[in-house]
Amino acid sequence: MSFSRPMPKRHLARPWNQPRKKTELPEYTLTRARKQLTELLKSQEISIGLDEVRDVEANIAADLAIPLFRIAKQLGKNPQELAENLANRINLDNTLFEQIQPVHGYLNFKFNPARFSRSVIADYLRDPESYGRSLAGNGRTIVIDYSSPNIAKPFSIGHLRSTIIGQALHNILTWLGYRIIGDNHLGDWGTQFGKLLCAYELWGNDKELARDSTGYLLKLYVRFHDEAKTKPELENKAREWFKKLETGDKQAHDLWKRAVQLSTAEFQHIYELLGIKFDESLGESFYANRLKELINRALEKGVACREKPLKPSGTDEKVILIPLAEYGIDTPLILEKSDGTSLYATREIATAEYRIHTWNPEKILYVVGKEQELYFKQMNAALKLLGHNTPCVHVSFGLIRLPQGRMSTREGRVILLEDVINEAIRRAKKIVADRKIPEPEKDKVARIVGIGAIKYADLSQSRTREVVFDWDKMLALDGDSAPYLQYAHTRCRSILKKADNEKNSDFDPAILARPEEFTLLCQIARFPDAIVDAAATYEPHRIANRLYKLARDFSAFYNKVPVLHAETQKLRRARLLLVQMTGTTIRLGLKLLGIEVPDQM
RNA sequence: GCCCCUGUAGCUCAGAAGGAUAGAGCGACGGUUUCCUAAACCGUAGGUCGGGCGUUCGAAUCGCCUCAGGGGUACCA
């Protein structure tokens, strides 16, 4: 068999498996502050974890707080008395704090604004373009499987979630020092190609295929399902076609290859538009010639066995399956169908093995819809039985539905990603039209804003929820949206431009004494934590939420506090730096989410 | 039937290793442009955190029960 081979593994040339130089992790102000508080309690013989130092809700006059209920119980003391006691004994000299208050069993701490500002500013100035970055990953490898659209089907908004979330996780984990391999696991193999080949044999037309490649392939696919309703024998023909494909039949292979090429060209266009990049694009077909070996090995190891299927399929042949009852999974994993062909799960296992052997990752992330949960449980169990311990983490997300119900390619009930993108840009253009922006720039701004809106709509809410598609929600250009953040960023940029790169480090941070300024610094200080949070939970919206709060507080600052017309030169310089920090943080954060910022808007 | 997810303001959602008076956006109503771009800002109204019971000093958050919606449940992906 001679299926298309992938490009040479350029990654292997990189020396990433060699031990890395130990580098000091940058420690940000908030982490230092938490450590200081745990140290202070330790000096009073009380031991608490860093996570017991809590952020404080608005309305409470404190910056960080430690609830003492647990400790008080252990010591058999009254929480409030303990708090008062500690407040009297703790000395805040040489810390970031200036006030300690016992309130209702909490120890409340307030930052010393000058020391806090100085520290946050120092974090930023250490390397502005790396603000929020860390080396925590220490070069360890993680493979991320994302996007993974199906060949010969249109790129629907269903695949958008995987694409956008996956790319964001790629960016985020890279930023934290991991070596990431983003692999686009194209759905270019499987029974659906049998259907397509079958349909093409019956009704196919070369001219139409050349004219509207993927649209035509979709038409054939839909027609197949239509006709199969009344002619069930078509399903068997499709199976035969897939078998031909899997056994290397030339006619089948040629047409398949053509479909793959046409589709990938179209996908490439969308990826460019969205700024999506992969390190690899190894489709399912890449593993086609590894399946037999895998199945035989599973049989030899006694992991898999031949069994009569539960549901009869007309033949008396047996399937090859892996029983998983010992892992509490009732549904066995079928490796080979009764007609001898492979399944999605077979290829997934082969894929996982390939990834493990090739890149030796710490784990593999699968950004795949929630409806495949069971398959990932099965796969993890099967991999264990086959002797692999690399965790395969299902980063699942809720399905996108239409108000009328599920999307269905077969029934032609889909919303095409391309239409969504075009509509987003169209809406952004309407607003851009009235703005004082040079004509040639307008299209670019509309594109950045429109696409940003689409991405943000997805990345600003938690993955697990299912989404009912709604044009207005998806393409929101005001309120908690990408354009809001982009707008705040352009305000920052515009101020800085007018200041003409004025030197802005010569001042005492203590003059940033207004509450609007302090609040802004607090938001900026929380940015690094948001990244760590997002990475730990695989929830990019932690970053989006933090950026939104930052932009909101900046907007308030911008409206109330003059920067260029500040009361004194020193204050002007201090505020200019604050504006620069805000703008950089928003820009870097959006970049992690895969969202660009326009120069003006 | 069994398993998983979701249910928070009129709508869309944050908040979930238990912590103080549950937060945003949209929509509604009322204000703000001689001043760094109003895709903005300020204010008002709006809540039995689906319901019940329990654990706890303390529950939107944990446990059990229940209702509603979605998904999955051996040869689709």
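The values are calculated or read from the model by the stated rules, or taken from the named source; none is laboratory data. Not measured: the values here are computed from a predicted model. In this analysis, Cβ positions are derived from the backbone assuming ideal geometry, glycine residues included, and neighbour counts consider all displayed protein chains. Surface accessibility is based on the protein's heavy atoms, side chains included, excluding ligands, DNA and RNA. Shrake-Rupley method; radii C 1.70, N 1.55, O 1.52, S 1.80 Å.
Numbers below:
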read-out	value
Hey, residue A:576 crowded, with 21+ Cβ neighbours inside 10 Å and either near RNA strand B (Cβ under 10 Å from one of its atoms) or modelled with pLDDT under 95 (or both) or not	yes
Search result, residues across segment A:181-213 that are more than 14 Å from residue A:154 (Cβ to Cβ), away from RNA strand B (no atom under 16 Å from the Cβ) and open to solvent by 40 Å² or more (accessible area, probe 1.4 Å)	A:201, A:202, A:203, A:205, A:206, A:207, A:208, A:210, A:211
Residue in segment A:214-221 that is farther than 14 Å from residue A:189 by Cα, in a helix (DSSP H, G or I), at pLDDT 85 or above and within 15 Å of RNA strand B (Cβ to nearest atom) present	yes
Residue count, segment A:579-601 (criterion: open to solvent by less than 40 Å² (accessible area, probe 1.4 Å) and either without any contact (Cβ under 8 Å) to a residue 60 or more places away in the chain or assigned to a helix (DSSP H, G or I) (or both))	11
Residues within segment A:554-567 that are more than 8 Å from RNA strand B (Cβ to nearest atom) and within 36 Å of the chain's Cα centre (by Cα), tallied	1
Count - residues of segment A:134-161 that are out of contact with any Gly (no Cβ under 7 Å at 6 or more places or on another chain) and at pLDDT 95 or above	5
Looking only at segment A:368-387, and only at residues there that are open to solvent by less than 40 Å² (accessible area, probe 1.4 Å) and of a type outside the set (A, V, I, L, M, F, W, C), the one that is farthest from residue A:335 (Cα to Cα)	A:369
Residues being open to solvent by 10 Å² or more (accessible area, probe 1.4 Å), more than 7 Å from RNA strand B (Cβ to nearest atom) and assigned to a strand (DSSP E or B) - total across segment A:331-341	1
Looking only at segment A:222-260, and only at residues there that are open to solvent by 40 Å² or more (accessible area, probe 1.4 Å) and not in a helix (DSSP H, G or I), the one that is modelled with the lowest pLDDT	A:232
Any hit, segment A:525-538, residues being under 23 Å from the mean Cα position of the chain (by Cα), surrounded by fewer than 23 Cβ atoms within 10 Å (Cβ to Cβ), within 10 Å of RNA strand B (Cβ to nearest atom) and not β-branched (Val, Ile, Thr)	yes
Residue satisfying all of: in segment A:496-521; open to solvent by 20 Å² or more (accessible area, probe 1.4 Å) and hydrophobic (A, V, I, L, M, F, W, C); nearest to residue A:59 (Cα to Cα) among these	A:518
Candidate set from segment A:440-478 (those that are more than 18 Å from residue A:596 (Cα to Cα) and assigned to a loop (DSSP other than H, G, I, E, B)); member that is farthest from RNA strand B (Cβ to nearest atom)	A:469
Among (1) open to solvent by 10 Å² or more (accessible area, probe 1.4 Å); (2) over 25 Å from the mean Cα position of the chain (by Cα) - the single one residue A:471 does not satisfy	(2)
Within segment A:448-470, tally of residues that are over 21 Å from residue A:601 (Cβ atoms) and touching a Leu at 6+ places or on another chain (Cβ under 6 Å)	2
Residue within segment A:495-517 that is in a helix (DSSP H, G or I), under 30 Å from residue A:160 (Cα atoms) and touching a residue at least 24 places away in the same chain (Cβ under 8 Å) present	no
Residue match in segment A:49-60 (condition: touching a residue at least 24 places away in the same chain (Cβ under 8 Å), outside any helix (DSSP H, G or I) and over 33 Å from the mean Cα position of the chain (by Cα))	yes
Qualifying residues in segment A:388-416 (those that are over 26 Å from the mean Cα position of the chain (by Cα) and touching a residue at least 40 places away in the same chain (Cβ under 8 Å)) - the one least open to solvent (accessible area, probe 1.4 Å)	A:412
For residue A:121: the one exception among (1) of a type in the set (A, V, I, L, M, F, W, C); (2) surrounded by fewer than 21 Cβ atoms within 10 Å (Cβ to Cβ); (3) assigned to a helix (DSSP H, G or I)	(2)
All positions within segment A:342-371 that are closer than 21 Å to residue A:170 by Cα and within 14 Å of RNA strand B (Cβ to nearest atom)	A:348, A:351, A:366, A:367, A:368, A:369, A:370
In segment A:543-553, residue surrounded by the most Cβ atoms within 10 Å (Cβ to Cβ) [restricted to those that are among the hydrophobic types (A, V, I, L, M, F, W, C) and more than 8 Å from RNA strand B (Cβ to nearest atom)]	A:547
